[in-house]
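Presented below is the structure to which this report refers.
The values are calculated or read from the model by the stated rules, or taken from the named source; none is laboratory data. Predicted, not measured: the structure shown is a model, and the values here were computed from it. All Cβ positions, glycine included, derive from the backbone under ideal geometry; neighbour counts span all protein chains shown. What goes into the accessible areas is simple: the full protein's heavy atoms, side chains included, and nothing from ligands, DNA or RNA. Shrake-Rupley method; radii C 1.70, N 1.55, O 1.52, S 1.80 Å.
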Amino acid sequence: MRTPAAYAGVLSYARSHTGEAASAAYLALGHAYLLDRKFPDAVSALKHVKGESLGDYADYLTIQAYLQSNDLPQAEMLLSSFLSKHPDSIFVNSVPVLEANLFLQEGDPQRALTILNAHRSEPLAGKVDYQFAMARAQQMAGNQAEAAALFRHVFLNYPLSYESGQAKTALQLMGAETALTVSERSHHADALYHAGRYSEADDEYKSLAGDPKTDGAERNLLLVAAAACDLKLKRLNKAELDALPDTNDESGARRLYLLMELARNKDDGDAQRAIVSQMETRFSTSPWLSEALYSSGNMYLLRKDYATAISYYGELARRFPRSCEPVASAGCSNYAPSSHWRAAWLNYRIGNYSEAARLFDEQIAVYHGGKEIPSALYWRARVYLDQEHRPDMAAEYFRTVARVYRHYYYAALAEQRLQELGNVTPANVTALDQINPAPVPELTDDVPSDDPHVVKAKLLANAGLNEYITPEIQAADGSREWGALAEAEIYASYGETWHAMRLMKRALPFYTSAPIDSIPLGYWRILFPQPYWPEIKEQAQKNGLDPYMVASLIRQETEFNPSAISNKSAYGLMQLLPSVGKSMARQEGIRHFSASELLNPLTNIRLGTLYLKQTLDKFDDQPEYAFAAYNAGDDRVTDWRSAGNFHGMDEFVESIPFTETREYVQAIVRNQQIYHELDKLTSERAFVRPGGTDREMMPARQ
């Protein structure tokens, strides 16, 4: 936090320790002083970093301090010896740009150009800091045309970088901003929009729209794009859209789409239908029609007007039959797979089983690899079994779900169905044989703890320099096989379970389809951790709950981050609203309760398990109802249940109209199954006592 108390505490630690412990503390101080622009203090602290492990970091940060304080001779002296002192440092590729910036600060652009040109064929030449340094060097050398071209390149090709804004300022000062076309500047604003930087994008769109060289058609496009930013920022009004020209181009299509969204927000079905009908006539191939059709389908899904929802989803899939991923093409839509699936599922829900079966088959054939495929396979099997009376076909489809999607929600259900079918011989469906799980790369849990980069990464974590942990581990030989585990274990060792888990999820996106024994157990323990396990077990037992259910819910809610606070003001591990926490605290006899107490893991688990138990009681001990209510609220679950005529809990879960809630319920059920599977695996692992022959069962992890 870089408070006076924090500085004092770290300094005290540094002075009372020796060796690498002291060096890590002094490095933390130097880094913090550098961030606070207290450059002499930074240099002083970094001089105390001793030994080889962190020497390159001390020198690198000291160079930064000298450069930023304009102490150029000292910076040059350290830079000149950096490569010979630290040949294996991750900063080796940063040295040329630092040297170039040093010479630029000294007013010597020719030496900067010499340094940069020597590396122009290397990968570092493709980085934004290199490109920006080259632009500055050309500018200082008087090569204005080359400089303008490079600043322009930085602005257009690295739109989200800090250097992009600096490049725009440089172009303005050079009077070269006019070289940017309206289209190029618009694409830059589009990049900001797609990155969620709506206010910045809005400013750019409006600035461009006011530029005299912007023609009428371009101005309309920009003003509609600005209106889209206002919609995202929840400040768009109909008068703003009505004031824009009703044109027969993409700006006109987007304007109508935005009008449709405003009508939907007001639940004005008449206006919504009229606008979509107009778009179908006037803009039959526009991607904005795809947006409007999908949004309209969602509107009527929530209204439980399934026939109308089917018509919109089906129309989207008919007009835009291909997904834009992985390669965009004319007439594609990223909503195509999900729209097609929703049309298929809703046909099933209303009892139109023959049409549902046709669409399930089409989903599997056309959108293979999509996230809807496990559902399509399972429900196609259900139609084969329940309506078409083809148990052999049903068995093959169920078998495919269980084989390919090992830890998905539908895998366990498919296994249950197969058991119920008994000795039915599955049919031979060649197309299903082509569906296979994602390959599992070679992984090992044998992390070389003495690898210099691993040692350094652990010290950097100690010093709080987390941004350098990943590149250090990636620099180690063989880290592709164990790097993710090594990094995750570092975060887990500091209690940052959620950080470790997120890292592992990114590294192993295939884990939900991988057999347990195909990935070392250490990886699974990061993906499905058990922090606060004694408290979870105690409170679960007290409330008659499966502790793995509680852990599974926490994993889905916060990934075990005890400090999590949602944008809806839900607090702590189990994401309790203050009002819920207060009510549970009263029942537990906790006096003078405050919302901040929900950030205490033990209190949160105590109150959260009680709340979960009471939610289960409300919904007849049906976990899926309780999980849905926990995420979306009791009233919504009661409303969804009122749709009625569910032939099993699986139908209810698939019918949850909120994607977030549906996936939340499925994930908790899946998590609980994996936790039990891991517990069983750990319990069954036996070992031989030293000097004896007895084999004993290893206890489950506590």
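Can we say V637 is under 24 Å from R670 (Cα atoms), of a type in the set (A, V, I, L, M), free of Cβ contacts under 8 Å to residues at least 40 places away in the same chain and in contact with a helix residue (DSSP H, G or I) (Cβ under 7 Å, 6 or more places away or on another chain)? It is true that V637 is under 24 Å from R670 (Cα atoms), of a type in the set (A, V, I, L, M), free of Cβ contacts under 8 Å to residues at least 40 places away in the same chain and in contact with a helix residue (DSSP H, G or I) (Cβ under 7 Å, 6 or more places away or on another chain). Which of the residues spanning region 602-629 are among the polar types (S, T, N, Q), open to solvent by 30 Å² or more (accessible area, probe 1.4 Å) and part of a helix (DSSP H, G or I)? Within region 602-629, just Q614 meets the criteria. Among the residues making up region 303-327, those that are in contact (Cβ under 8 Å) with a residue 12 or more places away in the chain, assigned to a helix (DSSP H, G or I), open to solvent by 40 Å² or more (accessible area, probe 1.4 Å) and over 14 Å from V276 (Cα atoms) are Y306, A307. Filtered by the rule that a residue be of a type outside the set (F, W, Y), in contact with a helix residue (DSSP H, G or I) (Cβ under 8 Å, 6 or more places away or on another chain) and over 20 Å from A307 (Cα atoms), region 654-673 gives E660, T661, R662, V665, Q666, A667, I668, V669, R670, N671, Q672, Q673. Of the helices (runs of 4 or more DSSP H) lying entirely inside region 332-396, those carrying at least 2 residues that are modelled with pLDDT of 95 or more, open to solvent by less than 50 Å² (accessible area, probe 1.4 Å) and of a type in the set (S, T, Y) are 336-349, 373-386. Of the residues making up region 98-123, just one is under 16 Å from D59 (Cβ atoms) and open to solvent by less than 10 Å² (accessible area, probe 1.4 Å), namely L102. Would you be able to say whether some residue in region 33-43 is modelled with pLDDT under 95 and either aliphatic (A, V, I, L, M) or within 29 Å of Q139 (Cβ to Cβ) (or both)? Taking every residue of region 33-43 in turn, none turns out to be modelled with pLDDT under 95 and either aliphatic (A, V, I, L, M) or within 29 Å of Q139 (Cβ to Cβ) (or both). Please work out which one of (1) modelled with pLDDT under 95; (2) under 27 Å from the mean Cα position of the chain (by Cα) is the condition K213 fails and give its number. All conditions are met except number (2). Within region 435-456, the residues that satisfy the criterion of being surrounded by fewer than 17 Cβ atoms within 10 Å (Cβ to Cβ) and without any contact (Cβ under 8 Å) to a residue 60 or more places away in the chain are N436, P441, E442, D446, P448, S449, D450. Among the residues of region 243-291, those that are of a type in the set (S, T, Y) and open to solvent by 20 Å² or more (accessible area, probe 1.4 Å) comprise T247, Y257, S277, T281, S284, T285. The residues in region 36-71 that are surrounded by fewer than 20 Cβ atoms within 10 Å (Cβ to Cβ), among the hydroxyl-bearing types (S, T, Y) and assigned to a helix (DSSP H, G or I) can be counted, and the count is 1. Search region 416-434 for residues being part of a helix (DSSP H, G or I) and touching a residue at least 12 places away in the same chain (Cβ under 8 Å), and hand back the single one that is nearest to E481 (Cα to Cα). Across region 416-434, the extreme among qualifying residues is L432. Going through (1) out of contact with any helix residue (DSSP H, G or I) (no Cβ under 6 Å at 6 or more places or on another chain); (2) assigned to a helix (DSSP H, G or I) one by one, L221 falls short only on (1). Take the conditions open to solvent by less than 60 Å² (accessible area, probe 1.4 Å) and touching a residue at least 40 places away in the same chain (Cβ under 8 Å) and apply them to L27. Does it pass? For L27, the condition - open to solvent by less than 60 Å² (accessible area, probe 1.4 Å) and touching a residue at least 40 places away in the same chain (Cβ under 8 Å) - is met. Look at (1) open to solvent by 10 Å² or more (accessible area, probe 1.4 Å); (2) over 30 Å from Y294 (Cβ atoms); (3) not hydrophobic (A, V, I, L, M, F, W, C) and you find that T638 fails only one, number (2). Of all residues in region 18-28, those being farther than 17 Å from A457 by Cα and touching a Ser or Thr at 6+ places or on another chain (Cβ under 9 Å) number 0.
Would you confirm whether or not region 641-657 contains a residue that is in a helix (DSSP H, G or I), modelled with pLDDT under 95, of a type outside the set (G, A, S) and farther than 27 Å from L527 by Cα? Yes. Just so you know, in region 586-601 the residues that are aliphatic (A, V, I, L, M) and under 24 Å from R555 (Cβ atoms) include one that is least open to solvent (accessible area, probe 1.4 Å), and it is L598.
Within region 67-86, residues that are polar (S, T, N, Q) sit with their Cβ atoms under 6 Å from residues that are open to solvent by less than 90 Å² (accessible area, probe 1.4 Å), at 6+ positions apart or across chains, in these pairs: S69/F39; Q74/Y66.
In summary, G165 fulfils each of the numbered conditions (1) farther than 26 Å from R255 by Cα; (2) assigned to a helix (DSSP H, G or I); (3) in contact (Cβ under 8 Å) with a residue 12 or more places away in the chain; (4) within 29 Å of the chain's Cα centre (by Cα) with the single exception of condition (3).
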